[in-house]
Amino acid sequence: EEVGNTAYITFDIFANSTPATYYACIENGEDLPGDTIGLIIYAHNKIYRKDSPIENVVIDLSCNSGGSLNSAAFVLGWVLGEAPVSLKDTFSGAMSTTIYHVDTNLDREFNRGDQVDDKNIYCLISPCSFSCGNFVPATFKSTGQATLLGRTSGGGSCLVLNMSTAWGTYFELSGPQRMSLMKNGAYYDIDQGVEPDFIINNINHFYDREALTNYINSLF
């Protein structure tokens, strides 16, 4: 959604198809999948169209309960260029950090044309922002490349572990891989949530796009 000079992109969950799907859609002139990555590709093209008025980009995660870490990493790569994803295994103590690059404009190259870092980036969060919906704003906060609006996110740091019994009962539980932030060689979990840079107390104000746009333009 566009309101004046501000683009709003809303994700209530992070979902993705296979990478080949997006390239095939462009090559065959088909519509992109309606998942997280497809929406970012679509929004990126709109934001950078000729004579675009967009100066601010708001990533709305206020109702995001989590989902695919790959899709969450795509959002981070779109904004940060080099997106760090750090995990710690709570059983073994093993730690790893992977750097994601994304090909947002689908030219099969990784460069500045894939990023949105020349815009003012905002992320809208609430206590409903959980798991990957908590990891994305926590990473934004640690890098200082996006301004957080709303209320403290709901936390959640461990990836979902999918399991099945021998007789076919499927269930999910919190797994041992913990999403973390790395600072000075140490890994910190994000289970406590992340505080916004600017608090919005009234939940109704989250979705009054015109008022929110005016507020954003008044911040700096």
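Computed quantities for the displayed model
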read-out: Considering residues of the stretch 194-209 that are in a loop (DSSP other than H, G, I, E, B), modelled with pLDDT of 90 or more and open to solvent by 40 Å² or more (accessible area, probe 1.4 Å) only, the residue farthest from residue 130 (Cα to Cα); value: 208
read-out: Odd one out for residue 220, checked against (1) open to solvent by 70 Å² or more (accessible area, probe 1.4 Å); (2) of a type in the set (A, V, I, L, M, F, W, C); (3) under 26 Å from residue 8 (Cα atoms); (4) at pLDDT 90 or above; value: (4)
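A quick yes/no check of all residues on (1) among the aliphatic types (A, V, I, L, M); (2) free of Cβ contacts under 8 Å to residues at least 40 places away in the same chain; (3) within 20 Å of residue 72 (Cβ to Cβ); (4) not in a strand (DSSP E or B):
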| position | (1), (2), (3), (4) |
| --- | --- |
| 113 | no, yes, no, yes |
| 122 | no, no, yes, no |
| 128 | no, no, yes, yes |
| 145 | no, no, yes, yes |
| 168 | no, yes, no, yes |
| 171 | no, yes, no, no |
| 192 | no, yes, yes, yes |
| 216 | yes, no, no, yes |
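Residue by residue, here is whether (1) over 14 Å from the mean Cα position of the chain (by Cα); (2) not polar (S, T, N, Q) holds:
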{"site": "97", "(1), (2)": "yes, no"}
{"site": "102", "(1), (2)": "no, yes"}
{"site": "107", "(1), (2)": "yes, yes"}
{"site": "116", "(1), (2)": "no, yes"}
{"site": "125", "(1), (2)": "no, yes"}
{"site": "130", "(1), (2)": "no, yes"}
{"site": "135", "(1), (2)": "no, yes"}
{"site": "140", "(1), (2)": "no, yes"}
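The values are calculated or read from the model by the stated rules, or taken from the named source; none is laboratory data. Because the structure is a prediction, the values reported are computed rather than measured. A quick note on method: Cβ atoms are made from the backbone with ideal geometry, for glycine too, and the neighbour counts reach across all protein chains shown. Areas reflect the complete protein model, heavy atoms only, side chains present, ligands, DNA and RNA absent. Shrake-Rupley method; radii C 1.70, N 1.55, O 1.52, S 1.80 Å.
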